[in-house]
Amino acid sequence: MTGYGETNFAVEFFDRIKRERLARRGLSSGKKRRRQDQGGLAETIEGSLWVRVVLYALCGVVAGLLVTQSPGASFEGRILPGFVVTTVILLAAILIFHFNHPVSSHRTSKVFLTFGGLLGQLLLVRGVLAMEPPGMLLLMPVAFVPIIHSVLLGQRIGTLSAVFSAILGAMVVRPELAMEYLGFALVAGYTGVLVTRKVRKRGQLLRAGFYVGLVGVVLALLLGEIDPTSIWRDGGAGWKYVAMQMGLVFGTGVLTGMVVSGLLPLLEGVFLLTTEISWLEMSDLNHKLLRRMQIEAPGTFHHSLMVAQLAETAAEAVGANSTMCRVCAYFHDIGKLRKPGYFVENQVEVNPHDDLTPTMSALVIIAHVKDGVDIAIKEKLAPEIIDVIQEHHGDSLVYYFYRKAREQHDAREADDKGAGADEELVEVDEKNFRYPGPRPQSKESGIISLADAVESASRSLEKPNPTKIRALVDEIVLSRIRDGQLDDCGLTMNDIRTIREVFAKTLRSMMHTRIAYPSEKKGKKSREGDTEAKNVVRVEELERRRKKAGGN
């Protein structure tokens, strides 16, 4: 460990010297750039198979203890049978989770959230049983964890949670209530999952609790937990008792929605997840980075809005997360805030690249990706936004400056041959003109990458028409495919075909031309405007007249 620490210190020392030298030459700020992957240990744990195996084992042990130690339960005191049945049920849940959700099952945090949630639901049931309420089913928050899983991880995992939390819960209640509990928990839990399909506002979680409470009341009536005949038998007292029971069931459902709404921000922060609610909150254009962009880099801001429109429309067409695409597109070029004048959309008269070599120009252009990551980490933006910033150019080529460098190299080579010079020219290395990557790793990132390239290229079109726009979109998308930029993002060829059609249609509406007014009308309108202008009295003249009238 001592040797490792000394080596690490030496590397850091020389790295600091290098940064200071670059800062003296004006090529660096002298500060160490922030990196998203600084938590190497956390990333190792996140992808570790052994950590996930330990989590599964702990889940089995804790669930087995809860099942076998619950008073009055089917397996109370029967250690071996209880553990065997619990293990079989959890193994079924693990296999379904692994085969149906391969991405989530390979992330330790999502495994912990899923199976830790199942244990949490089991502990809730056990806690209600410990209080020994008279109407046990009426107070069971059976939809609590399924709603959380549905909102954070998707409806498919929410469904898995509703099924297996109901089965495990039925194993800790008294045998005579097990089947009633199973039916109640399955229906109420799945209701919570169904009504949280697309939660875009926190108020929708209260609505979900409302529906869960309403379904709970109906189920309690059907299962006999609430006896409406007592109204006729006991008169006024019966009405009060039935109303109280219905209120308990309904209130439990509503309270479940309220608690989930309050817990979501905490769970999002702990597990680094972003819900549809948070995406909508982040889409506010008054965010301080976007406000800065409007003032310091207005061309980039307008470009980002156009990319957001293209990406959101395409994402809706292929079933990707459209709100995430819109928000990530807003922030994908925030790195240009460091040197806005070096990007063509922000230039008015002077082009700073005229005084730079192509290699240096390419370095400045490429640096906006790393600068964007640096700013995003500093401002604590969502991990998905940081991923899109890193990936939206992939490892593509800065073609304009690469071609310019090649032309300059060829011209010098021809001049040297003509003059008989013996010095060997340094070859132009393509690697120096490529972005660092990685390539897009998700559908949303791939869509934003294409939208960014298409929107930028569309600005060069003269007198755009549907044919030109479609040809441009096809050329940009196919060049990205040939360069391998879309190999890792999960977009199918059908998706890409749909995206091309959507891009072409959206660009046609964004770049439509207006009908020119006839020259006669223009002339007439101009003359009318001139006449109106002549009749306008200047403010200074009005003020002079007012003072004169006051003096008289």
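The values are calculated or read from the model by the stated rules, or taken from the named source; none is laboratory data. Since the model is a prediction, treat every value here as computed from it, not as a measurement. Cβ coordinates were reconstructed from backbone atoms using ideal geometry, including for glycine residues, and neighbour counts include every protein chain displayed.
Please specify each residue of the range 409-438 satisfying the condition of being part of a helix (DSSP H, G or I), out of contact with any strand residue (DSSP E or B) (no Cβ under 8 Å at 6 or more places or on another chain) and at pLDDT 85 or above. Spell out the reasoning first.
So the first thing to find is which residues in the range 409-438 are part of a helix (DSSP H, G or I), and the list is 409-419, 430-433.
The next check asks that each one be out of contact with any strand residue (DSSP E or B) (no Cβ under 8 Å at 6 or more places or on another chain); those that pass are 409-419, 431-432.
Residues satisfying the conditions are 431, 432.
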Practice prompt. Determine which member of the set 314, 308 is within 17 Å of residue 386 (Cα to Cα), outside any loop (DSSP other than H, G, I, E, B) and modelled with pLDDT of 95 or more.
Written response: 308
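Based on this model, can you work out whether residue 139 counts as within 19 Å of residue 118 (Cα to Cα), surrounded by fewer than 22 Cβ atoms within 10 Å (Cβ to Cβ), in contact with a Ser or Thr (Cβ under 7 Å, 6 or more places away or on another chain) and not small (Gly, Ala, Ser)?
Working: within 19 Å of residue 118 (Cα to Cα): yes; surrounded by fewer than 22 Cβ atoms within 10 Å (Cβ to Cβ): yes; in contact with a Ser or Thr (Cβ under 7 Å, 6 or more places away or on another chain): yes; not small (Gly, Ala, Ser): yes.
Judged against the criteria, residue 139 is a match.
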Discussion item. Among the residues that make up the range 395-406, is at least one of them surrounded by 15 or more Cβ atoms within 10 Å (Cβ to Cβ), part of a loop (DSSP other than H, G, I, E, B) and aliphatic (A, V, I, L, M)?
Written reply: yes
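Return the residues of the range 319-367 that are of a type in the set (Val, Ile, Thr) and more than 28 Å from the chain's Cα centre (by Cα); say none if nothing qualifies. Even if it seems obvious, please write down each step before you answer.
In the first step, residues of the range 319-367 are kept if they are of a type in the set (Val, Ile, Thr); the result is 323, 327, 334, 344, 348, 350, 357, 359, 364-366.
Scanning the range 319-367 gives 344, 348, 350, 357, 359.
Take residue 544 and tell me if it is modelled with pLDDT under 95, in a helix (DSSP H, G or I), under 30 Å from residue 103 (Cβ atoms) and not acidic (Asp, Glu). Can you show your working first?
Values: modelled with pLDDT under 95: yes; in a helix (DSSP H, G or I): yes; under 30 Å from residue 103 (Cβ atoms): no; not acidic (Asp, Glu): yes.
Answer is no for this residue.
Being assigned to a helix (DSSP H, G or I) and in contact (Cβ under 8 Å) with a residue 60 or more places away in the chain is the requirement here; does residue 294 meet it? So that I can check it myself, show each step before the final result.
Values: assigned to a helix (DSSP H, G or I): yes; in contact (Cβ under 8 Å) with a residue 60 or more places away in the chain: no.
Taking the combined requirement at face value, the residue does not satisfy it.
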Item to complete: Give the number of residues within the range 255-265 that are among the aliphatic types (A, V, I, L, M), within 9 Å of residue 209 (Cβ to Cβ) and buried (at least 21 other Cβ atoms within 10 Å of the Cβ).
Response: 1
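Can residue 114 be described as in a helix (DSSP H, G or I), out of contact with any Ser or Thr (no Cβ under 8 Å at 6 or more places or on another chain) and of a type outside the set (A, V, I, L, M)? First the steps, then the outcome.
On the way: in a helix (DSSP H, G or I): yes; out of contact with any Ser or Thr (no Cβ under 8 Å at 6 or more places or on another chain): no; of a type outside the set (A, V, I, L, M): yes.
The answer is no for residue 114.
Given the criterion under 16 Å from residue 147 (Cβ atoms) and hydroxyl-bearing (Ser, Thr, Tyr), identify the matching residue among 190, 241. Walk me through it before giving the result.
Working: 241 fails: under 16 Å from residue 147 (Cβ atoms).
Only one candidate passes the filter, namely 190.
In this structure, is residue 364 touching a residue at least 40 places away in the same chain (Cβ under 8 Å), part of a helix (DSSP H, G or I) and either touching a Lys or Arg at 6+ places or on another chain (Cβ under 7 Å) or within 30 Å of residue 505 (Cβ to Cβ) (or both)?
On the way: touching a residue at least 40 places away in the same chain (Cβ under 8 Å): no; part of a helix (DSSP H, G or I): yes; either touching a Lys or Arg at 6+ places or on another chain (Cβ under 7 Å) or within 30 Å of residue 505 (Cβ to Cβ) (or both): yes.
So residue 364 fails the test.
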Worksheet item: List the pairs whose first member sits in the range 170-197 and is under 20 Å from residue 257 (Cα atoms) and buried (at least 24 other Cβ atoms within 10 Å of the Cβ), whose second member is modelled with pLDDT under 90 and not polar (S, T, N, Q), and whose Cβ atoms are under 6 Å apart, counting only residues at least 6 apart or on separate chains?
Response: 184/137
